[in-house]
1. Just for the stretch B:85-99: of the residues that are away from ligand 2 (no atom under 16 Å from the Cβ) and over 17 Å from D:ASP64 (Cα atoms), which one is most open to solvent (accessible area, probe 1.4 Å)?
2. Pairs needed: first member in the stretch A:94-105, at the interface with another protein chain (Cβ under 7 Å from one of its Cβ atoms) and over 14 Å from A:LEU45 (Cα atoms); second member anywhere, at pLDDT 95 or above and open to solvent by 10 Å² or more (accessible area, probe 1.4 Å); C-beta distance under 6 Å; at least 6 residues apart or different chains.
3. Could you please let me know if C:PRO147 is under 18 Å from the mean Cα position of the chain (by Cα), assigned to a strand (DSSP E or B) and within 16 Å of ligand 1 (Cβ to nearest atom)?
4. Name, by its number, the condition in (1) more than 9 Å from every other protein chain (Cβ to nearest Cβ); (2) outside any helix (DSSP H, G or I) that does not hold for B:ALA16.
5. Taking the stretch A:106-124 as the region of interest, how many residues are closer than 24 Å to A:MET46 by Cβ and part of a helix (DSSP H, G or I)?
6. Of the residues that sit in the stretch B:110-124 and are facing chain D (nearest Cβ under 7 Å) and of a type outside the set (Asp, Glu), which one is most open to solvent (accessible area, probe 1.4 Å)?
7. Among the numbered criteria (1) open to solvent by less than 20 Å² (accessible area, probe 1.4 Å); (2) acidic (Asp, Glu); (3) more than 10 Å from chain C (Cβ to nearest Cβ), which single criterion is violated by A:ASP79?
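The values are calculated or read from the model by the stated rules, or taken from the named source; none is laboratory data. Keep in mind it's a predicted model, so treat the numbers as computed, not measured. For neighbour counting, all protein chains shown are included, and Cβ atoms are generated from backbone atoms with ideal geometry for every residue, glycine included. Remember, those area values only see protein heavy atoms, side chains included, never the ligands or the DNA or RNA. Shrake-Rupley method; radii C 1.70, N 1.55, O 1.52, S 1.80 Å.
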Amino acid sequence: MTHRASQPTDIHAYLADLEDIPGTRVFTAARARQGYHLNQFAMSLMKPENRARFKADERGYLDEWAITPEAKKAVLARDYNALLDLGGNIYFFSKLFSTDGIAFAEAVSTMTDMPWPDYRQMMINGGRSPEGVRSIREKR
Amino acid sequence: MTHRASQPTDIHAYLADLEDIPGTRVFTAARARQGYHLNQFAMSLMKPENRARFKADERGYLDEWAITPEAKKAVLARDYNALLDLGGNIYFFSKLFSTDGIAFAEAVSTMTDMPWPDYRQMMINGGRSPEGVRSIREKR
Amino acid sequence: MARLTAGVASSHVPLMGVAHDQKKDRDDYFGPIFAGYDWTRQWEKEQKPDVVILVYNDHASAFDMKIIPTFAIGCGEHYKPADEGWGPRAVPDVIGHPDLAWHIAQSLVLDEFDMTIVNEMDVDHGLTVPLSMMFGDVAEWPVKVIPLAVNVVTYPPPTGNRCWALGEAIARAVASFPEDLNVQIWGTGGMSHQLQGPRAGLINRAWDNMFLDGLVGDSDHLRHIPHIEYLRETGSEGIEMVMWLIMRGALGKTTRCLHRHYHVPCSNTAIGHMVLEPQP
Amino acid sequence: MARLTAGVASSHVPLMGVAHDQKKDRDDYFGPIFAGYDWTRQWEKEQKPDVVILVYNDHASAFDMKIIPTFAIGCGEHYKPADEGWGPRAVPDVIGHPDLAWHIAQSLVLDEFDMTIVNEMDVDHGLTVPLSMMFGDVAEWPVKVIPLAVNVVTYPPPTGNRCWALGEAIARAVASFPEDLNVQIWGTGGMSHQLQGPRAGLINRAWDNMFLDGLVGDSDHLRHIPHIEYLRETGSEGIEMVMWLIMRGALGKTTRCLHRHYHVPCSNTAIGHMVLEPQP
Ligand SMILES: [Fe+3]
Ligand SMILES: [Fe+3]
């Protein structure tokens, strides 16, 4: 009757694996906690009145939130890789893409080493191959 | 690997049993749906400003909620058995006991056939026996 | 008795909703994407399902950081399209089926699934885009919808095995609902995509097609794929495919494929779409 | 490694909080109730637990009809006492332990429990009354608290078996937390009581004591009691006792009883309280 999960449940090994993917920040509890207010700020942009206030005074709007100066700087610069490093999550920050009126894929491309037209062409050509970017430690 | 629960899960038999207890309305989905706005009204009394507004004009406050005339009448009369029949739940309505400044047990006693002092004495004497009130169909 | 008659899998990329809403769905870019849904639109017209159990994930729209349910079942009367930052989509409100939804919710809890019941929420592109893909431009959705929101945003999401088992339990619950209803279950999200970081744009055509193959027939090997494999092989957002396993689990031991569609790209994503029938 | 050192069961009747807050706890009515906690207050001072995993139910305070999680685990930094209609209790704020809470939450999801993670909520008498009973009148609670809220209001609540299994999974999760912490788990609510209808005031001393007996030793028969038995035998609110099974399940195969207390009545309720130790 004792319930056991279908797979090993060592959370430490599980979390270690999540950090082993090149160029990827998986939204773990650690990141969710670090980025809590940063993500709540992004989510507040779901209300049109908040979008209007943010657009009118980005800095002033950001100052209403319990987020670090570093995070505010990254928001103002739309530096999405920096925001990921600070616990930002892409689904929350998609509200900022939309507020900016920028296409999702174009916003995403700013996190890669490619300009938007090149990124767009890569996608049309079939996307980025997983070859070599599956695992840092296994180099595959 | 297929997951199965520890006990039979025939929801129809399960729900039928819940209706077999004398003098008891178990808070099933059917009651939760019927009493939805009634319970949300009661819960609104967790805010002091709402309690003040309700106390100042009970009828007017009730009219702000999507609840039936019958339910409003039962609230105004503090007829808790009627409220249970209309899908009210006692944990939600405990906010109304508190707003009225009445003790939980005294409010509960109004649903029985005993005046409060008699109910209180019954509890001090060890409470109501389960004998004869376990099951309607089994008469035990 | 209610009958679970079919399973539908589909990506739910927001850009498909945009293309649909702006009537760009037959241009050079979107034409090949939408063409793969023409068969299904015709088939749905013939099938006339009464209810769709629509498995999707909320993309930080109804649920923020304050509360994160693993499995949330919508038991409400109706749901409005969410404002995801550019105003809500101009599509019909989604009408629920509280009778069947509460029946399933109650059955699942007895069956030892730890459901969260939700009565009021807005629904985002994860739910409304598949409706547009399957039904096109309509004044009202031709089905009632039971939203089943799965956490695939904050780690860990539920295991593939747990998702499959949830599907099996949903099938048992549907089969014990007394009203005669034609019920479909849809699994949405995926296929390979990564929306973040220097690795964004990852697509894995071979893996996606292995996954599509695995949904057909009587094997249940897909339920055992660990999260890390989705992440490594299909990008950080490919994990959405665990939601397809809820649909697959609900279809029972064996399935037959009625329709299959795969296209790269739509925005950052590989589009996958499949229609399955349970085989007795 | 974190160590699960003890389990505590206790009723959480709001009137016990009132008696405590109004310093009536040694009068004729409340004296016999509170006297049964004197042993535990002294024992807790000696035990100095770092964290309590506090299993309780929300009584329509943090969760209304809009959202009903079966199992919600509090991963937040702190929680305020709820205003249940007469202003919040004047007791300290509850301080969480997000490191351990998130560790447990993540582990439970991998272990195929469908948890809802909650980061912000107020906590009602179900959580704060047991703290007062165990620690008395203090300026700050001497422990960090991980709230674990169980739905026992809207039917069906989780089965006894599922609760027991959740306890077992919590024990595995605590044992894999690297920091050396003294952790207790508390199960609260009960014992027999009915707060509604003509049958209100029901008390079942014999059944309650059978249940207390069953928590001690190596039997797990309590996990198989169906909901209907709690309802028939212990009143409509006696179902809260399923939460004690989460505590019991976490203590492993065998327990030893350190302290036991039973008194009728407090308000409408039979008070039960027990301190258990896992036996290797
Ligand atoms: Fe998605
Ligand atoms: Fe309680």
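1. Pass one, the stretch B:85-99, residues away from ligand 2 (no atom under 16 Å from the Cβ): B:85-88, B:96, B:99.
Subsequent filtering for residues that are over 17 Å from D:ASP64 (Cα atoms) retains B:85-86, B:99.
Numbers: B:ASP85: 87, B:LEU86: 25, B:THR99: 8 Å².
Among them, the one singled out is B:ASP85.
2. Close Cβ pairs (under 6 Å, with a partner that is at pLDDT 95 or above and open to solvent by 10 Å² or more (accessible area, probe 1.4 Å)) amount to A:PHE104/C:SER267; A:ALA105/C:SER267.
3. Values: under 18 Å from the mean Cα position of the chain (by Cα): yes; assigned to a strand (DSSP E or B): yes; within 16 Å of ligand 1 (Cβ to nearest atom): yes.
The answer is yes for C:PRO147.
4. Evaluating B:ALA16 over (1) more than 9 Å from every other protein chain (Cβ to nearest Cβ); (2) outside any helix (DSSP H, G or I) leaves (2) as the failure.
5. So the first thing to find is which residues in the stretch A:106-124 are closer than 24 Å to A:MET46 by Cβ, and the list is A:106-111.
Still in the list and also part of a helix (DSSP H, G or I): A:106-109.
Here the count works out to 4.
6. Step one: filter the stretch B:110-124 for residues facing chain D (nearest Cβ under 7 Å), giving B:111-113, B:119, B:122-124.
Within this subset, residues satisfying the condition of being of a type outside the set (Asp, Glu) are B:111-112, B:119, B:122-124.
Details: B:MET111: 4, B:THR112: 19, B:TYR119: 1, B:MET122: 31, B:MET123: 5, B:ILE124: 71 Å².
The qualifying residue most open to solvent (accessible area, probe 1.4 Å) is B:ILE124.
7. (1)
Residues are listed down the side, and each one gets a yes or a no for (1) open to solvent by 10 Å² or more (accessible area, probe 1.4 Å); (2) within 14 Å of chain A (Cβ to nearest Cβ); (3) out of contact with any strand residue (DSSP E or B) (no Cβ under 8 Å at 6 or more places or on another chain); (4) closer than 19 Å to C:ALA105 by Cβ:
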site: C:SER10; (1), (2), (3), (4): no, no, no, no
site: C:HIS20; (1), (2), (3), (4): yes, no, yes, no
site: C:LEU54; (1), (2), (3), (4): no, no, no, yes
site: C:ASP93; (1), (2), (3), (4): yes, no, no, no
